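One structure is given below, encoded as structure tokens.
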Amino acid sequence: MIQVTLPDASIREFAQPVTVAEVAASIGAGLAKAALGGKVNGKLVDTSHLIEANSALAIITAKDAEGLELIRHSAAHLLAYAVKELFPDAQVTIGPVIENGFFYDFSYKRPFTPEDLEAIEKRMTQLATKDEAVTRRVLPRDEAVAHFKSMGEHYKAEIIASIPANEDVSLYREGAFEDLCRGPHVPSTGKLRFFKLMKLAGAYWRGDHRNEMLQRIYGTAWASKDDLQQYLTQLEEAEKRDHRKLGKELDLFHIDDHAPGLVFWHPKGWTVWQGVEQYMRKVYQDNGYLEVKGPQIIDKTLWEKTGHWDKYRDNMFTTESEKREYALKPMNCPGHILIFKQGIKSYRDLPLRYGEFGQCHRNEPSGGLHGIMRVRGFTQDDGHIFCTEEQILKECVDYTTLLQKVYTDFGFKNIIYKVATRPEARIGLDESWDKAEHALMESLRASGCEFEIAPGDGAFYGPKIEYTLKDALGRQWQCGTMQVDFSMPERLDAEYVGEDGARHRPVMLHRAIVGSLERFIGILIEEHAGALPTWLAPVQVSVLNITEAQDDYCREIVKTLQHQGLRVQLDLRNEKITYKIREHSMQKVPYILVVGDKEKAAGAVAVRARGNKDLGVMSLDAFAAQIASDITQKA
């Protein structure tokens, strides 16, 4: 007898080997119909998988995360099937699952068009409606190579040829289409009902720019119609919030082909930048950080000592002068150690906290650049704390509390915490790793934070906390970090004199709250849909006249508010007041003050708040008090 143990600990017995589908059917017709796959002893398998020994089994349906992965993986194959039906000369390459969907890369004699995309999606729907069984077979590697060569699928043959000769490979067939794949897949194409093709893009074969440029088709697939519609609605909202679009509409910044991956900040955008930087500078001052500034260009010998030259050189911009090779710094940490090493440091000086708005450059691939979110030149709110091992816990507790306040002030209330622990390839003593990991976890517990463990995801020199923001659309942005580093102080020979009079290595804590200011501002723009909170808005108040008779009074209002430190814009144009109100509303100005003869006579202003809210007529002093409260409370 074969015993199958289900998730509720119940056991079903079978007289002979049994498939996952048969186990599901023995439980009930509803489950048999809903089954997409199974998890046998923790391994995801097809419903056709044969259980030949006592095993633990979970039936996977569309309600499970693994079920959604099966749907998306199978949808990628359905996409390739449809393309081959419509364009028989196209060659298929790879088609993996990605976040929220899938893609497949094709080689074809001409570029696909949006009309092609529409036709491919239609054919996918037709193929899904046929509900063709998805079946698996296994071939020896060389036989599989010959099979795909005979079909004219040279890319598939090349992929299989790279597999060791003694290994078998699995193939999945649905109707007339057969593809190389490890699987598993849904049992039939009829399980694929809620999908949509999203866009076209280019991709080099095997990610190498020296190879042919392939055509990539992106798609999304979901378990239900509602889930698909919700995702598409979210994408529409994300498009409206796209920082690149809003950056142009609000005249904040632009990216120019003369400087790819670098940002040209316009006056309004630079005002936002300064708001973020000055806020963080105050955070430094209020929390014991000493602001420093390191050079942009440093001799390669320093990067050799830190290990960056070996591990990171391809991402570094280099230059040469007088037969010496230099690099634009990709990070600030080595420079902070050089500052720490100037003069003798005592245990009484620790913890010593350095902060820098350090401009860094990284030679990111052009295909990976994305507005101001992914650039080649960026500025970090970079901080490094030099401390003893005994001080790690308190510094991490204080840092997490500080980070929470900063994120709240910027309008983020949902933070995800993750502790990345020691990788297999690491340096340092296990005793030090134990202490560092314990300190990071305890710091989060002390702050009342639930956290996940990411086993093995720490840096080679130490563990870290990753702080991830969840925005208004549910998207996640990893911004803050706290890393414990025993390595770099050793490599660069940093020391302090301990209470015992002997020389000791400090521990180096790498920390950033907002991370790249460019990226963080992009996140802020998208989070607030361009309507930045009053304290950050590049223009906080617009003053509009109705006729020329109020010009002088409007100028007095502007002068008064500017003396109070507000950013005010005056609009005395000879345009209809409704036109001016609409224009300033489109610029997402927090407050619009409208002035006519009645307001002038009363020494007052008519106040409109962002979102088309009419706050009525009030004295200038009352308005000034209201906006001052907004700014103080970071409302």
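When the trypsin sites (Lys or Arg not before Pro) in region 198-282 are filtered for DSSP coil states and for at most 13 other beta-carbon atoms within 10 Å of their beta-carbon, the remaining sites are ARG210. Counted over region 157-242 with a bin width of 10 Å, the fraction of Cα pairs per bin, in whole percents, is 13, 27, 35, 20, 4, 0. Model label sites at THR468 and GLU118, defined 7 Å from Cα along the beta-carbon direction, differ in position by 3.7 nm. Counted over region 50-110 with a bin width of 10 Å, the fraction of Cα pairs per bin, in whole percents, is 20, 35, 25, 15, 4, 0. Please compare each pair in LYS39/LYS225; LYS559/LYS598; LYS240/LYS588; LYS84/LYS156 to a cut-off of 18 Å on the Cα-Cα distance and tell me which ones are over it. Among LYS39/LYS225; LYS559/LYS598; LYS240/LYS588; LYS84/LYS156, the Cα-Cα distance tops 18 Å for LYS39/LYS225; LYS559/LYS598. If you take every residue apart from LEU532 with its C-beta less than 13 Å away from the C-beta of LEU532, what net charge results, scoring Lys and Arg +1 and Asp and Glu -1? Taking every Cβ under 13 Å from that of LEU532, the sum is +2. The Kirkwood hydrodynamic radius of region 477-596, based on inverse pair distances between different Cα atoms, is 18.7 Å.
The count of lysine pairs in region 305-414 with alpha-carbon distances below 29 Å, taking only pairs 8 or more places apart or on different chains, stands at 15. Hydrodynamic radius of region 351-496 by the Kirkwood approach over all distinct alpha-carbon pairs: 16.7 Å.
Pick out, in residue order, every one of the chymotrypsin sites (Phe, Trp or Tyr not before Pro) in region 430-502 that is DSSP loop and has at most 16 other C-beta atoms within 10 Å; say none if there are none. The qualifying sites are PHE460. Calculated [222 nm] ellipticity per residue, helices only, for the chain: -11000 deg cm²/dmol; basis is -39500 (n - 2.57) per DSSP H run with n ≥ 4, divided by all residues, nearest 500. Working from the Cα coordinates of region 397-459, the gyration tensor eigenvalues give, after taking √(5λ), semi-axes of 26, 12, 9 Å in decreasing order.
Could you tell me how far the Cα centroid of region 216-270 sits from the Cα centroid of region 288-361, in Å? When both Cα centres are located, 34 Å separates them.
Taking only alpha carbon atoms, region 193-329 gives an Rg to Rh ratio of 1.09, where Rh is the Kirkwood radius. With 10 Å bins beginning at zero, the pair-distance distribution over Cα atoms of region 476-545 amounts to 16, 26, 20, 15, 15, 6, 2, 0 %.
Here is the list for region 356-413: trypsin sites (Lys or Arg not before Pro) lying in DSSP coil, each with at most 10 other C-beta atoms within 10 angstrom of its C-beta, are LYS413.
Farthest towards the positive end of the charge dipole of the chain, among the residues GLN391, LEU228, PHE460, is the Cα of LEU228, using unit charges on the Cβ of Lys, Arg, Asp and Glu.
Every number in this text was worked out from the coordinates using simple rules, so none of it is lab data. From a predicted model like this one, the values you see are computed outputs, not experimental measurements. Cβ: placed from backbone, ideal geometry, glycine included. Neighbour counts: every protein chain shown.
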